[in-house]
Protein chains: 2
Amino acid sequence: MLDLPGEILEPLARSPVARDVAHRAGVSTATVSRVLNGSAGVRADKREAVMRAAQDLGFVANGAARALSTRRFMAVGAVVPNIENEAFVRVLSSFQERLRQAGYTLVAANAGYDLEDELREATFLLERGVDGLMLVGDIHHPDLHTRIARHGIPMVQTFSLSRERPCVGFDNAASAARAANYLIDLGHRRIGVISGLRKDNDRGGARVTGIAQALAARGLTLAHEHDIEISYGIGGGRDGFRQMLAGGPPPTAIICGTDQIAFGAMIEARARGLDVPGDLSVIGHNDSDFAPFLDPALTTIRIHSAEIGHAAGDHLIARMQGRPVVRLTQIDAELILRASTAPPREQDRG
Amino acid sequence: MLDLPGEILEPLARSPVARDVAHRAGVSTATVSRVLNGSAGVRADKREAVMRAAQDLGFVANGAARALSTRRFMAVGAVVPNIENEAFVRVLSSFQERLRQAGYTLVAANAGYDLEDELREATFLLERGVDGLMLVGDIHHPDLHTRIARHGIPMVQTFSLSRERPCVGFDNAASAARAANYLIDLGHRRIGVISGLRKDNDRGGARVTGIAQALAARGLTLAHEHDIEISYGIGGGRDGFRQMLAGGPPPTAIICGTDQIAFGAMIEARARGLDVPGDLSVIGHNDSDFAPFLDPALTTIRIHSAEIGHAAGDHLIARMQGRPVVRLTQIDAELILRASTAPPREQDRG
DNA sequence: GTGGTTTTTGAAAGCGCTTTCAGATAGCCA
DNA sequence: TGGCTATCTGAAAGCGCTTTCAAAAACCAC
């Protein structure tokens, strides 16, 4: 790091306000406001004059003043568990796309899979005056809902379904169960799960529950030693699979909470001399960019993140504009079959 | 998607304002403001009364009013080329971490590698009243700087160095040159480049320039057919390498604009029966999470994204608080040697 | 007590925009 | 040209907070 002597940069200059424009155009601020907000009923010549004056002065309306006056911030908040997580990034990106089109700004915050932190971040956003809020999942701090209600702004939950609250998502248990059934149909009997942290995470929890139920429905059980919870990431996947092998007979198939975890598990399996999918079938979650390029290409549950983001955006925009909406939008996840799954070896068949 | 009949959710309720709190606590709004902003000089009993009243009413100050009054929005904007790109996500995340600690909100926008779009998004943020702005790279729309100046807010550029403007980054040409020299030292003579789009992208351009110069300095040249520009992503990497093979004798080593591109190129190389690193050495950029886990593990130029984000955040916070700062912070990228690079085969040696 | 501080406090003036409301203009027809 | 609408326009009142300024209260030493 260079060590130049410190210096104070850039002096501040007062930026032009509506009154300056009004003055220059020879009209009142009311007219300036009307022109700049495109409201009808301003004679062409005045309109022109205002436009030119604003242009000349490089006038940009003060957002705070406008927000204070209109009581709309034109901003929407989003609190996601991990802002660096691919799935959430995609949702935020498509969510923002929609909001931007409607003239809204997205303000995103990080909750780190912690209810207290989520409450803190959401409160921070509410103080900012966001006009709407997007959350992930159906488990939140009890105070959060009352705070949102007090602000009287619409909220939408994503990634999972909710009985009570507006949401855009899918049935995590059902989609994970579908993956489990697929494996069972292939003949697998010993099926394991490596999920990310499940605390305060209804998606992760529901997926494991869904798998356990699917197994139970077919007379199988999710062995305790095949039910692993680790931190996210490729490293987590390696560790998780290592742990799984430590306890008794290895599973012939595993379902992982993310594609990263699946990737890690595959690496560990290979390092142990196991062939995927010969000795071990692997299913991931999310259909990350790299999933089709892994060797073998990863079978995964594709979550339609972009659609979820768009739908959540549309939902919130409609509510903020007072239009009617459906409370629950279901965007089903999809099992994408690739090469990492296959029937188990003869001796392991069900 | 479920098709429930539309319904309007949640009626709005007026949220309490400072006057309500003042009334309840039997003081003036001035005192309420003083208490809530922790300024000294309020008797303990009144302070208590205000606190309790605010608590009871669930009062949350209106951010717009506060911003209008203090002329500080306590928000910072960031415009990055691609909000879904791993490197930018990491920077945004660490940048936001710092800002959040200082009480600022981050508002991020997407410029899509287009100067006009960048200008539009930045303008949008300026209208919002952000107190500072982070940009990526040193190439921007000519109007952008005047607009920022007009708003009188500090700006910091990231990822590359700049002669004129405040920046936190590294010398893209030099670090790419280092990678090239490493390959030359290994004995490579035919070295190729697959970069992402270079239009309006000084980082990409500088890297290629740096490589070309490093080659020239050692009496080598970057053959036209070994200089490929593609769109980002794993698919782009595959395409890029395919294109490269189409033109004359294949290179024995390539340097890629991102690890994703490198991954794609490795896949294509393998599909063509080429061994990495036996027949082809590959170097990526960014040191993505998956880089160490590829087979072979990817040699890459690690960009210290988190440090860049932190430094950019610190820089902007200092300027917004009127503290002196250094104009240029250099956070060098680092060549991480792994298994995807090796000397070329005997007959190809230099 | 008293006069002279030193704290506390509240009234009021913004901050810069939107929007209402009434007055000014323009347009139109007879 | 006069009278009556239909348009336009500007003054002014907020929006809800911060902050200045002067007055009120509390404190202190004598």
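Data for the structure
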quantity	calculated
Per residue, the convex hull volume that the Cα atoms of the range B:183-282 enclose (Å³)	85
Nearest-0.05 FRET efficiency for A:D171 and A:M51, computed from C-beta distance (R0 60 Å)	0.70
Shielding by other protein chains, A:83-89, mean Cβ within 10 Å	4
Test item: B:63-73 mean partner chain Cβ contacts at 10 Å	6
Chain A, relative contact order [Cα under 8 Å, separation at least 6], %	16
Residues whose placed amide H lies under 5 Å from that of B:I301, excluding near-sequence neighbours	B:G284, B:H285, B:N286, B:D287, B:I336
Residue-averaged beta-carbon neighbours from other chains (10 angstrom radius) around B:105-112	5
Whole-angstrom gap from the range A:169-192 to the range A:288-350, using each part's C-alpha centre	14
Label point 7 Å beyond Cα along the C-beta direction, distances from B:A297 to other copies (nm, shortest first)	2.9
P(r) of the range A:239-350 over all Cα-Cα pairs, binned every 10 Å from zero, in whole percent	14, 36, 23, 14, 10, 3, 0
Degrees between helix B:305-320 axis and first principal axis of chain B (Cα, 0 to 90, nearest 10)	40
The range B:15-55: relative contact order in percent, alpha carbon pairs under 8 Å with at least 6 residues between	42
Degrees separating the helix B:234-246 axis from the principal Cα axis of chain B, which is the longest one	20
Carbon/sulfur fraction of accessible area - the range B:15-55, other protein chains in place, 1.4 Å, %	48
Sequence-distant residues sharing a close amide H with A:I139 (under 5 Å, placed H)	A:D202
Cα-based helix-to-principal-axis angle, B:115-128 vs chain B, degrees rounded to 10	20
19 Å tail of the calculated P(r), the range B:177-239, as % of Cα pairs	31
Nearest-first distances (nm) between copies at A:G38, label 7 Å from Cα via Cβ	4.3
Per residue accessible area in Å² of chain B, where ligands, DNA and RNA are left out and the probe is 1.4 Å	42
Rg(Cα) / (2.2 N^0.38 Å) computed for the protein assembly as shown, rounded to two decimals	1.06
Per-copy distances of the B:H224 label point, shortest first, in nm (7 angstrom along Cα→Cβ)	7.1
Debye log10 I(q)/I(0) at q = 0.14 Å⁻¹ for the range B:15-55, Cα point scatterers	-0.22
Peptides ranked, highest mean first, by Cβ atoms within 10 Å: ranges B:194-202, B:237-245	B:237-245, B:194-202
For chain A, projected area of the alpha-carbon convex hull averaged over all directions, nm²	24.4
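The values are calculated or read from the model by the stated rules, or taken from the named source; none is laboratory data. Fair warning: this is a prediction, and the values are worked out from it, not measured in the lab. Neighbour counts run over all protein chains shown; Cβ positions are idealised from the backbone, glycine included. Calculation scope for accessible area: heavy atoms of the full protein, side chains included, ligands and nucleic acids excluded. Shrake-Rupley method; radii C 1.70, N 1.55, O 1.52, S 1.80 Å.
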